[in-house]
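Only one structure is covered here, and it is reproduced in the block below.
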Amino acid sequence: MSNTIRNLEPTAPWNFFADLNAIPRPSKKEAKIAQWVREFGQKNGLEVLEDDFGNLILKKPASPGHEKSPVTILQGHLDMVHSKNAEVTFDFEKQGIDMYVDGDWVRARGTTLGADNGLGVAAILAVLAAKDIAHPPLEALFTLDEEQGLGGAKNLGRGLLEGKVLLNLDTEEDHVLTIGCAGGIDTLIDWDYKTDKSPENMRAYTLKINQLQGGHSGMDINRGRGNANKLLVRALMACMPAGVRIAEFEGGNLRNEIPREAQATILVKNDPLFHTLLQTIAQELSAEFQTGEPSLNITATERAESPTEVMENVDQAKFLQAIRSVQNGVYRMSPEIPELVEASTNLAKISLRNGKMTIGSLQRSSVDSSKTDVAAAFRAPFDLLGAKVETANDYPGWKPNPSSNVVKKMADIYEKRFGHAPVIEACHAGLECGIIGEAYPGLDMVSFGPLIQGAHSPDERASIASFEKFWGYYLEVLASL
């Protein structure tokens, strides 16, 4: 990692971000980063609490003159999405993130950056360590397993927090105050399909689609980006007249990431026709997605060895039709809030080989009944297949409170500081605020943060100028509380 990161202004939070990114911290495997935070709290003379799930709370008394201020909770999650480009060799469980500066952006080489939510956590740590920052009594809540089902928030211990104001530092646009979010539910598919022995005299290929943008399956779902799983199935169906048989299919990575790569191992009977059909569908997709996916790439690479078995023809047709027809993307826009996605679904991951298919997906909605409906629409094609369909990780949304005192105070500070009003809105991502609010009723909550783009993908990047803007505003908000 370049020391350039540690020299960025403001230096304290950037240095904490570098410290965090030197420690592997995937969801469900946060033991190393949690131990580091415990030791940080002890080193700085803070009260350190831990609930049964492993969430950490670090308490710091008010700065001089602010002793009578209400206790404020600062909240972020310790885990990060671990995703990389297929051609990149990287061991997330052993290596720290390789960061570098690119103009105004901090990026990672071929992997996710961890700015979500590492920058928010770093901003909290910097205030906890500081001796010269004005602030009310603080409770810093660091949750685990946010990215893989909001496990930390769901299992948050009761009776540990005293604060009535919560500042969540997990928003990715610096001009926005977020006051509500969508809930979500995972739909998981298991299907056993029939196989045939691979026919003779057929050529084997790896058919791949890659170089898509991917991104956050909530915040980016309405940006017209391609889903690699859906597009690869579309390409396969276009090539079926050439006698294509599917042996394997692998696409996508995480439930909350729009899949940017997918590949299939196939056998082809009519080789010249296959290449003609593939060229046609590749041109069609490139033209169709020229704005949203300018780098879209489809390739067929001949394999030296052929697979020993392929999908049976009838089940292959069922698989292709199910994926082609399944709901994906925006399901419904909010009729009350302009430009807000109400409900969506993400066909996140497909794994198919040796007679077994598994699918991971995530449905989101700010309305519970709509969340149930989109999940039912997603599962319908797989129910028709006779597949095993399960739901998991159901979590509530966060209902906006536009009359919030903290929102008004923060909006006033923002307008005076920057000369224009902030955008106050609900978002289509899944924030922890709704779940924490259930555990601690009556919390006055706001989420805000610096500009981060491409979260949940190897294109993730954080704006240096925006973080400096956020930092000054954040400190002024703390002093005002």
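Put in order of Cβ neighbour count within 10 Å, fewest first, the listed residues Trp14, Trp191 become Trp191, Trp14.
Summary value for the chain: 23 percent relative contact order, contacts being C-alpha pairs under 8 angstrom separated by 6+ residues.
Only the Cβ atoms of Lys and Arg (+1) and of Asp and Glu (-1) were treated as charged; on that basis the dipole of the chain about its Cα centre amounts to roughly 300 debye. Measuring how big segment 359-418 is from its alpha-carbon positions, Rg and Dmax come out at 19.2, 60 Å. For the chain, the mean residue ellipticity at 222 nm estimated from helices alone is -9500 deg cm²/dmol, where every DSSP H run of n ≥ 4 contributes -39500 (n - 2.57) and the total is divided by all residues, rounded to the nearest 500. So, in Å, what gap is there between the alpha-carbon centers of segment 206-236 and segment 162-178? Measuring centre to centre over Cα atoms gives 30 Å. With each label modelled as a point 7 angstrom along the Cα→C-beta vector, the Ala376-Arg417 pair spans 4.5 nm. Distance between the C-alpha centres of segment 23-81 and segment 417-439: 21 Å, rounded to the whole angstrom. Sorted fewest first by neighbouring Cβ atoms within 10 angstrom, Asp132, Asp220, Asp315 come out as Asp132, Asp315, Asp220.
Size descriptors for segment 185-395: radius of gyration and Dmax over Cα atoms are 17.4, 59 Å.
Looking at the square roots a ≥ b ≥ c of the eigenvalues of the Cα gyration tensor of segment 328-378, which shape do they give, rounded for a/c under 1.5, prolate if a/b is larger than b/c, or oblate? Taking the square roots of the gyration eigenvalues as a ≥ b ≥ c, segment 328-378 is prolate. Is segment 183-302 rounded, prolate or oblate when judged by the Cα gyration tensor, a ≥ b ≥ c being the square roots of its eigenvalues, rounded requiring a/c under 1.5 and prolate requiring a/b larger than b/c? Because a/c hits 1.5 or more and a/b fails to exceed b/c, segment 183-302 counts as oblate. According to the Kirkwood expression over distinct Cα-Cα pairs, how big is the hydrodynamic radius of segment 75-226, in Å? Computed over Cα pairs of segment 75-226, the Kirkwood hydrodynamic radius comes out at 19.8 Å. Among His420, His275, sorting on how many other beta-carbon atoms sit within 10 Å of each Cβ, with the fewest leading, yields His420, His275. By the rule of a C-alpha distance below 15 Å, with chain neighbours fewer than 8 residues away ignored, the aspartates and glutamates paired with Lys356 are Asp190, Asp192, Asp196, Glu248, Glu250, Glu309, Glu312, Asp315.
Shape class of segment 130-211 from the alpha-carbon gyration tensor: prolate, with a/c at 1.5 or above and a/b greater than b/c. If R0 equals 30 Å, the separation of the Cβ atoms of Asn222 and Asp52 corresponds to a calculated FRET efficiency of about 0.20. Here each label is just a point 7 Å from Cα along the line to Cβ, and for Glu67 and Asp91 those points are 5.3 nm apart. Reducing segment 262-328 and segment 91-157 to their Cα centroids gives an inter-centroid distance of 39 Å.
FYI, it's all coordinate maths here, none of it is from the lab. Note that the structure is predicted; figures quoted are calculated from it, not measured. Neighbour counts are summed over all protein chains in view; Cβ atoms, including those assigned to glycine, are modelled from backbone coordinates with ideal geometry.
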